[in-house]
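Below is one structure; the comments refer to it alone.
The values are calculated or read from the model by the stated rules, or taken from the named source; none is laboratory data. Everything numeric in this text was worked out from a predicted model, so none of it was measured. Cβ sites come from the backbone with ideal geometry, for glycine too, and all protein chains shown count toward neighbours. Quick note on the areas: whole protein, heavy atoms, side chains included, nothing else; ligands and nucleic acids left out. Shrake-Rupley method; radii C 1.70, N 1.55, O 1.52, S 1.80 Å.
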Amino acid sequence: MNAVHEPEELLTIGEMSRRTGVAPSALRYYEQLGLVGSVRTVGNQRRYPRHMLRRVSLISVAKRLGMPLRDVKEAFGDVPMESTPSHDDWQRASRRWKRRLEERRRAIERLENELTGCIGCGCLSLKACALLNPDDALAETGAGPRRLQDLPGADEL
Ligand code: FES
């Protein structure tokens, strides 16, 4: 990030951690992933623009909802990191966020239905069981007992 910020707008990693409840190591990791951004002091210390508080808080919420960080990144989309995002920036992010959550909800519902059926069935058939072998994906990897062949040490059997 190259934007110019007033010093009072900037938070140290410790301040950011205290304000959001997110560990400094996690903040550094989020930065590595491009989910948040910081500027550096002359002494090469991180400083977070105040508007990053919102991003970090939203990441925490997403984690509680079980949302993968790549989905969070996608939901943030074009929300700027260099400057304070506008209301419209967050509105667009909100719509993307909602779409991702709806997709997740539908996927969980599908999984729930399949799991309920499988608990009642118990056949564990690699051919028929959608939970063990969704869309018969293992068939594409070749013939034979694919799962057993993938186990560590399976070639010694
Ligand atoms: S356990 Fe029988 S279909 Fe999944």
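Projected label points at L111 and S60, each 7 Å from Cα along the beta carbon direction, are separated by 2.5 nanometres. Each Lys and Arg contributes +1 and each Asp and Glu -1, all at the Cβ; summed about the Cα centre of segment 1-83, the dipole is approximately 360 debye. Each residue of segment 42-51 was assigned a 3J(HN,Hα) from its phi angle through the Karplus curve 6.51 cos²θ - 1.76 cosθ + 1.60 (θ = phi - 60°); the sequence is 4, x, 6, 8, 6, 9, 9, x, 3, 5 Hz, with glycine and proline shown as x.
Amide hydrogen proximity for L11: with H placed 1.01 Å from N in the peptide plane, the residues at 5 or more positions away or on another chain lying under 5 Å are Y48, R50.
In segment 1-83, a dipole from Cβ-located charges (positive for Lys and Arg, negative for Asp and Glu) runs towards its positive end, and of P68, V42, L11 it is P68 whose Cα lies farthest in that direction.
Report in % the part of the accessible area of segment 13-99 that belongs to carbon and sulfur, leaving out ligands and nucleic acids; probe 1.4 Å. Mind showing how you got there, number by number?
Working: 2440 of 4940 Å².
Answer for segment 13-99 is 49 percent, counting heavy atoms of protein chains only.
Take E109: with every protein chain present and a 1.4 Å probe, its accessible area is about 80 Å².
How much area per residue is accessible in segment 1-83 when the probe is 1.4 Å and only protein heavy atoms are counted (Å²)?
Details: 4700 Å² over 83 residues.
On a per-residue basis, segment 1-83 sits at 57 Å².
The overall shape of segment 1-83 is prolate: from the C-alpha gyration tensor, with semi-axes ordered a ≥ b ≥ c, the ratio a/c is 1.5 or greater and a/b exceeds b/c. Residues whose amide H lies under 5 Å from that of V36, counting only those 5 or more places away or on a different chain, are E31; hydrogens are built 1.01 Å from N in the peptide plane.
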